[in-house]
Amino acid sequence: VGAMVVDWPDYGPWQWCSGTLIHPRVFLTAAHCTYDLAELGIERVWVSFERYALADGGLRLVEQVITHPDFSWGETDPHDVALLILAEPVTDITPAPVATAGLLDELKKAGVLRSGPTGAKFTNVGYGGSLSWPPHEIFYEDIRQVSVSEYIALTKTHLHLSQNLNKDDGGTCYGDSGGPTLYPIFDEEGNLITEIVVAVVSTGDGACMTTGLNYRIDTPTSLDFIYAVIDDLE
């Protein structure tokens with residue numbers, strides 16, 4: 001998991017969003033992080049895999065930004081997925097596995113996706129703001145952090161997760177957009193084998209206190225877009 005860093009006009013490098021390396025040259029993030037970069041005057045974009053997003057020497061140049069062509073913010077299906085193409089392949093980090101088509105639907109049908117203390121848990125990773133409570137305050141350190149959220153619901157386009165601190169749930173906030181929602185895979189002995197990217201952080205309540213809505217990657221529209229871009233590189 002890395003940070004999407006932009007060259008903010010008259011300021012310099014700025015931690016903008018989060019994302020995941022899914023191919024040596026392809027970084028998965030959210031479309032709402034990329035669609036208006038030109039309008040904002042942002043001409044250079046980097047990816048950092050350092051724990052502190054703006055660490056010296058950690059910025060890797062992005063050669064091309066590709067936003068899903070059907071992205072439309074506010075629609076029932078916003079197609080909130082985008083890809084950053086790195087100028088040079090990443091050789092020191094193993095790309096994360098991406099969910100197969102319909103994985104979340106299969107888990108729901110099997111009864112795995114359920115809420116409650118014994119229900120399904122998902123891991124979020126990103127560089128966004130952290131919430132302290134009480135009183136309500138969001139603070140930013142541009143550091144990669146991890147949270148665990150309880151399952152609430154699944155729709156055709158989004159995975160809804162609890163980030164209610166009163167239920168001991170973590171969650172996501174501003175700056176975590178585009179970061180991965182990971183589903184853990186365990187062996188028969190309960191040992192973690194891997195974590196699969198099933199969604200990207202998309203939106204949620206404005207206070208970052210109750211519900212996170214993460215855009216599904218395991219849908220045909222998301223996967224067709226992702227693999228069409230990867231195929232063009234290979």
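The values are calculated or read from the model by the stated rules, or taken from the named source; none is laboratory data. These numbers were taken from a predicted model, which means no experiment stands behind them. So basically every Cβ, Gly included, is an ideal-geometry build from the backbone, and we count neighbours across all protein chains shown. Protein only, heavy atoms only, side chains kept; ligands, DNA and RNA dropped before computing areas. Shrake-Rupley method; radii C 1.70, N 1.55, O 1.52, S 1.80 Å.
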- Query: Going through segment 59-115 one residue at a time, which ones are at pLDDT 95 or above, of a type in the set (A, V, I, L, M, F, W, C) and open to solvent by 70 Å² or more (accessible area, probe 1.4 Å)?
  - Reply: LEU61
- Scan of segment 16-51 for residues that are charged (D, E, K, R) and in contact with a helix residue (DSSP H, G or I) (Cβ under 9 Å, 6 or more places away or on another chain), ordered by number: ARG25
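Which residue out of TYR183, TYR151, TYR127 is buried (at least 17 other Cβ atoms within 10 Å of the Cβ) and touching a helix residue (DSSP H, G or I) at 6+ places or on another chain (Cβ under 8 Å)? Walk me through it before giving the result.
Numbers: TYR151 fails: touching a helix residue (DSSP H, G or I) at 6+ places or on another chain (Cβ under 8 Å); TYR127 fails: touching a helix residue (DSSP H, G or I) at 6+ places or on another chain (Cβ under 8 Å).
TYR183 is the lone residue from the list that is buried (at least 17 other Cβ atoms within 10 Å of the Cβ) and touching a helix residue (DSSP H, G or I) at 6+ places or on another chain (Cβ under 8 Å).
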- For segment 209-223, state whether one or more residues are open to solvent by 30 Å² or more (accessible area, probe 1.4 Å), assigned to a strand (DSSP E or B) and either in contact (Cβ under 8 Å) with a residue 24 or more places away in the chain or under 24 Å from SER130 (Cα atoms) (or both). yes
- Message: So if I check each of ARG44, ARG25, ARG51, which one is surrounded by fewer than 19 Cβ atoms within 10 Å (Cβ to Cβ) and either in contact with a Leu (Cβ under 9 Å, 6 or more places away or on another chain) or β-branched (Val, Ile, Thr) (or both)?
- Response: ARG44
- Message: Need the failing condition index for SER72 against (1) touching a Ser or Thr at 6+ places or on another chain (Cβ under 8 Å); (2) more than 21 Å from THR100 (Cα to Cα), just the number.
- Response: (1)
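Quick one: in segment 92-124, which of the residues that are part of a helix (DSSP H, G or I) and free of Cβ contacts under 8 Å to residues at least 40 places away in the same chain is nearest to ARG25 (Cα to Cα)?
Start the filter on segment 92-124 by keeping residues that are part of a helix (DSSP H, G or I), which leaves 103-109.
Still in the list and also free of Cβ contacts under 8 Å to residues at least 40 places away in the same chain: 106, 109.
On the way: GLU106: 30, LYS109: 35 Å.
Checking each candidate, the answer is GLU106.
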